[in-house]
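J.: Mind having a look at this structure? Questions to follow.
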Amino acid sequence: MKTLKKQLDELQKLKFNSYGKDFLLTWEKSEDELRAVVALAELFSEMHQAGKSFRVFDTGLAISIFRDKSTRTRFSFASAVNALGLGLADMDEEKSQVAHGETVRETANMISFLAEVIGIRDDMYLGEGNKYMREVAAAVQEGFDTGVLHQRPNVINLQCDIDHPTQSMADLTYLKNHFGSLESLRGKKIAMSWAYSPSYGKPLSVPQGIIGLMTRFGMNVSLACPEGYGLLPEVVEIARQHGKKSGGSFAVVSGMEEAFRDADVVYPKSWAPYQVMQRRTSLLQKGDKDGLKALEKECLANNAKFKNWECDEKKMKLTRSGKALYMHCLPADISGVNCAQGEVSAAVFEKYRIATYREASFKPFVIAAMIFLARVKDFAGVLKGLAKD
Amino acid sequence: MKTLKKQLDELQKLKFNSYGKDFLLTWEKSEDELRAVVALAELFSEMHQAGKSFRVFDTGLAISIFRDKSTRTRFSFASAVNALGLGLADMDEEKSQVAHGETVRETANMISFLAEVIGIRDDMYLGEGNKYMREVAAAVQEGFDTGVLHQRPNVINLQCDIDHPTQSMADLTYLKNHFGSLESLRGKKIAMSWAYSPSYGKPLSVPQGIIGLMTRFGMNVSLACPEGYGLLPEVVEIARQHGKKSGGSFAVVSGMEEAFRDADVVYPKSWAPYQVMQRRTSLLQKGDKDGLKALEKECLANNAKFKNWECDEKKMKLTRSGKALYMHCLPADISGVNCAQGEVSAAVFEKYRIATYREASFKPFVIAAMIFLARVKDFAGVLKGLAKD
Amino acid sequence: MKTLKKQLDELQKLKFNSYGKDFLLTWEKSEDELRAVVALAELFSEMHQAGKSFRVFDTGLAISIFRDKSTRTRFSFASAVNALGLGLADMDEEKSQVAHGETVRETANMISFLAEVIGIRDDMYLGEGNKYMREVAAAVQEGFDTGVLHQRPNVINLQCDIDHPTQSMADLTYLKNHFGSLESLRGKKIAMSWAYSPSYGKPLSVPQGIIGLMTRFGMNVSLACPEGYGLLPEVVEIARQHGKKSGGSFAVVSGMEEAFRDADVVYPKSWAPYQVMQRRTSLLQKGDKDGLKALEKECLANNAKFKNWECDEKKMKLTRSGKALYMHCLPADISGVNCAQGEVSAAVFEKYRIATYREASFKPFVIAAMIFLARVKDFAGVLKGLAKD
């Protein structure tokens, strides 16, 4: 396989060590670690297309904990661990008795005796999701340090309150694939814009993941949202720092139009203001149903002021040569298709529909790459072995 | 393995190409395709009994979508895909957010990046189940044609509103096994008869599957049901055509007794009239609970007029030498066992109980054969390889 | 592997035949059968730690039926069957239609065509759980005897109303590991004591499993509980007989303090009196919600009289040199941690917390050993083969 040789060369030039490490936030990873995930994801995708197996495990468990509904990520994780040879064991908290606090560390160990990896989605409560993942990681670390666990399973963030690294890394892999290389992303403008949706309470992790990641690869990131729809200030600051350091840039602009102007890529997507997510988290924790209803009503009324934040053909004409790449993590709220008015017009979405599927197609391979690099010490040697088969 | 050689010879004499094809209705398949499934199912069963593996996949996913409760088919599918080396990923629509229409084509692709096969049960709504399977198939075809999917997973009908091909093909394999050959089925009479049940709303797919399939192999099929309990007219017409073409026959007769007379095989089973299923579908779609209750009441009252449609020893005496083979897809409503009065008397059922288990035992192997022929291009070569191990 | 050779020698000295046998109650097994499970569980644990696979199946299903919530046992079973190479298929009774009586034997066969093992947890109803397991076992035996099943899957008791053998065998393996050998357990005192919990209705299977098993290996077992909190009389009698025969002893003593005095091991754990479980079973079967509430109220009020049955540092000082090993099947009710007052003080639990995790860590390997010995005829030859890889 010619590609395999090229990708292996690319991987071996990188200086990184992901072995035994969790994947919780992209900005905790070195640039080379991220490049390695992208390169390996592409390689796995090509191997799969060529009918070549990249199975490295004979047995072993991958555990998933989904604290929110999921289709895409659930099947991406299932696909990735199956391709690597692991068995999937879903931790259904309704079928067990898991409480917070004291018992997270106990439960984490109880399920991990033969586990290689633990994938967690926990994106409902601001300030909770990523923290929970770290509690699980600390618990299995203690289990390993005290000899209870023979191996220390790694935690993969399948979406939290802060970041959605399997999504943003799949998006980055897609952009590399689309534009030809990571280098070609330098100087390209990406518009991460809020868009109107008839629902409320969508997580912040996708836009935060995008601005936190794309700024590292020299892109010019424009963030646009209505007043009061800000992202977590600490993540915005991270994006700003990344922009400075990478030779790209980060700017908060005042409207979808301004963000779209001369953009090479647009990513229009709804989210809830982080202040709303904070109030919602507090109400959810109290179990205050009336409060939640009142908040939803207030927010939907507020959202309704911004129905013109729709990605339509007119706005797309503002982009570079009117031909920006449209991206979405899916499912999108498409005006006149699955809602009366939504994030994107039917005409724009239909034009890019297959492209968004392709964007999504990298996720299983990105997850497989993350697991592979975390769990296979001599990854280069093992990859060469796989190539020979 | 002597059997293997014989079955391979049998398979290689057949002219067919099932590679890359869905299995949605038996009457869309050529006779040789059906013969191949039967031959391979028998072979797999014998290999399993001899402790020989027929695993052909190293990794890969099989996806199941059950839109109705299932034990037999769920475990048959799980068994088949495990034996072939695939991992099972169940699409639980309650844990995801699947809507009809626009998003079927999206979801189908999102779950299929590493999928080889998609098994679907959707038998609740008349006019919907088979249609839904075709929507899924069209969606993954588009995904494959546009390069989103590296492979085009095949759809297997695990029971719809029209046909239940894994059941009818398992039944055919069982009949071949029982009578010695498919040829020996020619001229044999099978009575597909309605039978009384204290429940209502049982799908039409089993009787429709039986009359649509057995008529192709030269059997004389007698269909009996009370007035107003007709099957879908288009399927009845298909059975009639099959009977003419195959040298067998198809006849609608007026009572269980007439159907049983001189029958070699009897298949007494309850179902709801298709007109009732149409009304039920419409009420279910409207969410009209009162309407559904009223319909149930009306139907149960109507059913109650036909309590004498029970397969008992007296009626069994009417069959050829009083020794017809009793068949059922299970679970049966057995008088005095799991209901006061049902489809079959306890004495008749007990006599054939183990035989009905054997009948069911072919289902996992039939499903494995369907998948194998759809997914393994050089099936004969691969089978020879499996035989050598 | 040096250990492998030692363990194989140990295994080969034992006289037993577990091939094709269910594991339902430890006291139905010979002492050598139990020793074999312990030896093999230790070996599997060491192989796993050394990164050596003990996979013996290429394909095949393991079925789990959980009629009660479970985390530990669910994941232990999932881990064990994955390590052996089996696919897990959970029988979710809500997604199927399983009734008692007539259809247990039918359903058991329908799910078992390609099954190697069936793990069952059924601990809610006194007089029901173990009986249900035997019904399943008899059903698949009939299926095998009549040629319906190619193989007869074995039933593993994952906790019933009488015994919890995967727990007690993991506990025994842990004790062997802790004290160095099974022989060193002779003459050691273990206190199986009731302890206060703010909940009611905990199963009897753990204390019954402990007194029924540890008495066989020459331990001096002291059972303590408040008046009216007795275990099943027939199990108490079995423990008494075992004590006599093994050179150990069994005694019912009147308080936690007396049980703890000079104990080498303490196992303080809450359970419901068997008389209460009988009343509860009867109310559950009738669906009498008011009766259940009244019973819970009565029992909690009665429990509250025994809040001083807490394993605290003062009571631990009564044990041999104040240094007894504390054991628990987890999760424990820890005073001031997950309840106001519970089975054990926070100080005692924290001291032994990691030890209880280690205790639990043997369960997946014990289950794997049970399955291996039941399913692999030439176990010694196969183990030698695994060692060579």
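Here, each number is a calculation from the coordinates, and none is a lab measurement. Computed from a predicted structure; not experimentally measured. Every residue, glycine among them, receives a Cβ derived from its backbone with ideal geometry; neighbour counts consider all protein chains shown.
J.: Quick one: what Rg and Dmax do you get for region C:159-232 from the alpha carbons, in Å?
T.: My reading of the Cα-based Rg and Dmax gives 12.9, 38 Å.
J.: Next question, about the same structure. For a footprinting-style exposure proxy, rank C:279, B:55 by other Cβ within 10 Å, fewest first.
T.: Lowest to highest Cβ neighbour count: B:55, C:279.
J.: Mind pulling up the Rg/Rh value for region A:257-326? Radius of gyration and Kirkwood radius, both on Cα.
T.: 1.18
J.: Here's a follow-up. Would you mind telling me which residue in C:14, C:158, C:185 has the biggest mean-square fluctuation in a Gaussian network model of chain C, where springs connect alpha carbons within a distance under 10 angstrom?
T.: Sorting by GNM fluctuation, first place goes to C:14.
J.: 7 Å along Cα→Cβ for the label point: how many nanometres lie between residue B:234 and each equivalent label in the other copies, listed shortest first?
T.: 6.0, 6.0
J.: Helix-only estimate, please: 222 nm mean residue ellipticity of chain C, summing -39500 (n - 2.57) across DSSP H runs of length 4 or more and dividing by its residues, to the nearest 500.
T.: -15000 deg cm²/dmol
J.: Something else: Please report A:329, B:339, C:299, C:160 as a ranked list, fewest other C-beta atoms within 10 angstrom at the top and most at the bottom.
T.: B:339, C:299, A:329, C:160
J.: Same structure again: List the aspartates and glutamates whose Cα lies under 19 Å from the Cα of residue B:131, skipping any in the same chain that are fewer than 8 positions away.
T.: B:22, B:28, B:68, B:93, B:102, B:106, B:122, B:123, B:142, B:161, B:163, B:234
J.: To the nearest 20 Debye, how big is the dipole of the protein assembly as shown about its Cα centre, given +1 on the beta carbon of each Lys and Arg and -1 on that of each Asp and Glu? Could you put the intermediate results ahead of the total?
T.: On the way: 156 positive and 144 negative charges, 399 e Å.
In debye, rounded to 20, the protein assembly as shown gives about 1920.
J.: Would you mind estimating how fast region C:348-389 diffuses translationally, via Stokes-Einstein at 4 °C and 1.567 mPa s with the Kirkwood radius over Cα pairs, in µm²/s? Mind showing how you got there, number by number?
T.: Working: Rh = 12.4 Å.
The Stokes-Einstein estimate is 104 µm²/s.
J.: Give the whole-number value, in cubic angstrom per residue, of the convex hull volume spanned by the C-alpha atoms of chain A.
T.: Working: hull volume 53.7 nm³, N = 389.
Given the Cα convex hull of chain A, per-residue volume reads 138 Å³.
J.: Here are some pairs, A:13/A:188; C:29/C:289; B:69/C:363; A:293/C:289; C:289/C:363; A:6/A:188; which of them have Cα atoms lying more than 29 Å apart in this structure?
T.: Listed pairs above 29 Å: C:29/C:289; B:69/C:363; A:293/C:289; C:289/C:363.
J.: Ratio of Rg to Rh for region C:298-389, alpha carbon only, Kirkwood?
T.: Numbers: Rg = 20.0 Å, Rh = 16.4 Å.
For region C:298-389, the value is 1.22.
J.: Could you work out the mean projected area of the convex hull around the alpha carbons of region C:186-344, in square nanometres to one decimal? Please list the in-between numbers first.
T.: Working: hull surface 36.2 nm².
Result: 9.1 nm².
J.: Name the residues whose placed amide hydrogens come within less than 5 Å of the amide hydrogen of residue C:118, ignoring near sequence neighbours (fewer than 5 apart) on the same chain.
T.: The list, which skips near neighbours in sequence, is C:63, C:154, C:155, C:156.
J.: If you don't mind, another one. Which of the three applies to region B:1-155, rounded, prolate or oblate, going by the alpha-carbon gyration tensor with a ≥ b ≥ c and a/c under 1.5 meaning rounded?
T.: prolate
J.: Moving on. Provide, as a two-decimal number, the C-alpha radius of gyration of region C:309-361 over 2.2 N^0.38 Å, N being how many residues it has.
T.: That ratio works out to 1.08.
J.: Other chains' Cβ within 10 Å of A:143-152 residues: what's the mean?
T.: 4
J.: Next up: Could you sort B:19-26, B:169-176, A:41-48 so that the peptide with the highest average Cβ count within 10 Å comes first and the rest follow in order?
T.: Highest-to-lowest ranking by the protection proxy: B:169-176, A:41-48, B:19-26.
J.: Here's something else I'd like to know. If you take the beta carbon distance between residue C:313 and residue C:282 as r and set R0 to 35 Å, what does 1/(1 + (r/R0)^6) give as a FRET efficiency, to the nearest 0.05?
T.: Approximately 0.30, to the nearest 0.05.
J.: Now, a different point. Provide a whole-number value for the mean count of partner chain Cβ atoms within 10 Å of the Cβ atoms in peptide C:72-78.
T.: Partner Cβ neighbours, averaged per residue: 6.
J.: Here is a follow-up. Nearest beta-carbon of B to the rotation axis carrying it onto A: which residue, how many whole Å?
T.: Residue with the nearest Cβ, plus whole-Å distance, for chain B: B:87, 4.
J.: Can you give the translational diffusion coefficient of the protein assembly as shown in µm²/s, computed by Stokes-Einstein from the Kirkwood radius over Cα pairs at 20 °C and 1.002 mPa s? Don't jump to the answer; show the numbers that get you there.
T.: Working: Rh = 32.4 Å.
Answer, rounded: 66 µm²/s.
J.: Report, in debye and to the nearest 20, how large the dipole of region A:186-344 comes out about its Cα centre when Lys and Arg carry +1 and Asp and Glu carry -1 on their Cβ.
T.: Magnitude of the dipole: close to 400 debye.
J.: Tell me the distances, shortest first, between residue A:301 and the same position across the other copies, using label points 7 Å along Cα→Cβ, in nm to one decimal.
T.: Inter-copy label distances (nm, one decimal, shortest first): 5.1, 5.1.
J.: About the Cα centre of region A:262-377, how large is the charge dipole given +1 on each Lys and Arg Cβ and -1 on each Asp and Glu Cβ? Please answer in debye to the nearest 20.
T.: The dipole of region A:262-377 has a size of about 320 debye.
J.: Amide H of residue B:326: which non-local residues (sequence gap of 5 or more, or other chain) have their own amide H closer than 5 Å, using H built in the peptide plane?
T.: B:266
J.: Give the aspartates and glutamates reachable from residue A:317 as a straight Cα distance under 13 Å; neighbours fewer than 8 places away on the same chain don't count.
T.: In chain and number order, the partners are A:257, A:258, A:262, A:264.
J.: Take the alpha carbon gyration tensor of region C:23-84, find the square roots of its eigenvalues, order them as a ≥ b ≥ c, and report rounded if a/c is under 1.5; if not, report prolate when a/b exceeds b/c, else oblate. Walk me through the intermediate numbers first.
T.: Values: a/c = 1.67, a/b = 1.03, b/c = 1.63.
Since a/c reaches 1.5 but b/c is at least a/b, the shape of region C:23-84 is classed as oblate.
J.: Any idea which of C:239, C:151, C:89 is furthest toward the positive side of the dipole for the protein assembly as shown, if Lys and Arg beta-carbons carry +1 and Asp and Glu beta-carbons -1?
T.: Working it through, the farthest residue towards the positive pole turns out to be C:151.
J.: On to the next question. Of B:185, B:119, B:370, which is farthest on the positive side of the dipole of chain B, counting Cα position, with +1 on Lys and Arg Cβ, -1 on Asp and Glu Cβ, and the Cα centre as origin?
T.: B:185
J.: Moving on to the next point. List, shortest first and in nm to one decimal, how far the label point of residue A:15 (7 Å from Cα along Cα→Cβ) is from its counterparts in the other copies.
T.: Label-point distances to the other copies, shortest first: 6.9, 6.9 nm.
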